[in-house]
Amino acid sequence: MGPVQAVGVYNVRIYGIRDTKYALEILITDRDNKSRLLKFESYLSSGAINSLDVNIDPTPGVPAPVITKTVTFDTLRNDVAVARQLNQLGDDKFARSLVKNIDLAEMLAGVCGKRRHGKDRPCQPAIAVLKLFVKRLELANRKCDNPADCDEEREWAAFRKEHGRDDNYKDFFREWDRDDWHKHKKKCRRFVTDEALKIIRDDTGWLIKSLGGKTGDEHDKPGHGGHGRGKGGKD
């Protein structure tokens with residue numbers, strides 16, 4: 001994108017013709033002719049569309065532009081698929097287990113509005129599962145001298161201890177306990193590159209915010225050089 005000098009919200013749509021990682025650069029020039037280069041990187045799957053809104057004010061001295069990315073559960077599934085295709089994420093069994101977590105988070109999000117707290121409250125069960133999904137990625141990304149330090153089973157045990165008796169999570173645990181992951185987890189290849197972790201974690205952060213939650217970790221905050229926030233909707 002060339003130099004931008006006019007105030008407004010610019011919508012950028014990127015169309016995927018193949019599974020790939022892309023980089024977007026936006027040059028913003030203020031009215032004093034001082035330039036700022038905004039960079040954004042993400043994954044894009046074949047046939048998908050990434051939509052970004054960039055809120056730009058070229059007035060000298062104003063804060064950095066605000067980026068809003070439309071992220072859905074489909075976005076996260078596509079992220080995992082593309083990262084796997086680019087050999088930036090472990091084997092097919094690991095990828096399927098991650099997609100299962102996304103599917104179950106979406107299932108929980110689908111009933112949030114029906115719960116007694118109503119639609120004006122954060123969708124905590126779906127948010128909790130998405131945060132666990134990110135934790136699994138972070139553990140797979142770590143280089144551990146002690147294998148126990150990379151063992152996600154401890155995270156699962158803590159998650160079950162906290163939520164196992166909560167009726168809001170019963171569908172999640174029932175489906176997850178029947179998943180084939182439990183047959184393969186000791187033999188599968190589990191890893192996530194730094195690049196894949198950043199992209200998927202940022203997208204998950206946007207989705208968590210769109211569900212009314214907070215990431216609670218500075219690294220989880222999306223932005224790629226600007227500020228980011230979630231935005232719901234379908235891809």
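Tabulated data
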| quantity | calculated |
| --- | --- |
| Stretchable slack from E25 to D91, in nm (0.36 nm times residue separation minus alpha-carbon distance) | 20.6 nm |
| Per-residue ³J(HN,Hα) for segment 46-62, Karplus 6.51 cos²θ - 1.76 cosθ + 1.60, θ = phi - 60°, Hz, x for Gly and Pro | 4, x, 8, 10, 9, 10, 10, 10, 10, 8, 10, 10, x, 4, x, x, 6 |
| Cα centre as origin, Lys/Arg/Asp/Glu Cβ charges: segment 8-69 dipole, Debye | 120 |
| Inter-probe distance in nm under a simple model that places probes 7 Å from Cα toward Cβ, at K100 and D53 | 3.7 |
| Segment 8-69: translational diffusion in µm²/s, Stokes-Einstein, Kirkwood Rh over Cα pairs, 4 °C, 1.567 mPa s | 102 |
| Modelled FRET efficiency - R0 35 Å, A64 with K161, Cβ distances, 0.05 increments | 0.30 |
| Calculated FRET value between K187 and D151, using beta carbons and R₀ = 25 Å, to 0.05 | 0.95 |
| Theoretical FRET efficiency, 1/(1+(r/R0)^6), r = Cβ-Cβ of D171 and D74, R0 25 Å, to 0.05 | 0.80 |
| Cross-link pairs beyond the 23 Å C-alpha cut-off, checked among K21/K186; K131/K198; K135/K161; K69/K143; K161/K198; K34/K198 | K21/K186; K69/K143; K161/K198; K34/K198 |
| Cα lying deepest toward the dipole's positive end in segment 46-183, options L132, V111, Q88, charges on Cβ | V111 |
| Sorted by Cβ density within 10 Å, fewest first, the residues K143, K135 | K143, K135 |
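No lab work stands behind these numbers, since they all come straight from the coordinates. Because the structure is predicted, anything quoted here is derived from the model rather than measured. As a convention, Cβ positions derive from the backbone with ideal geometry for all residues, glycine included, and neighbour counts pool all protein chains shown.
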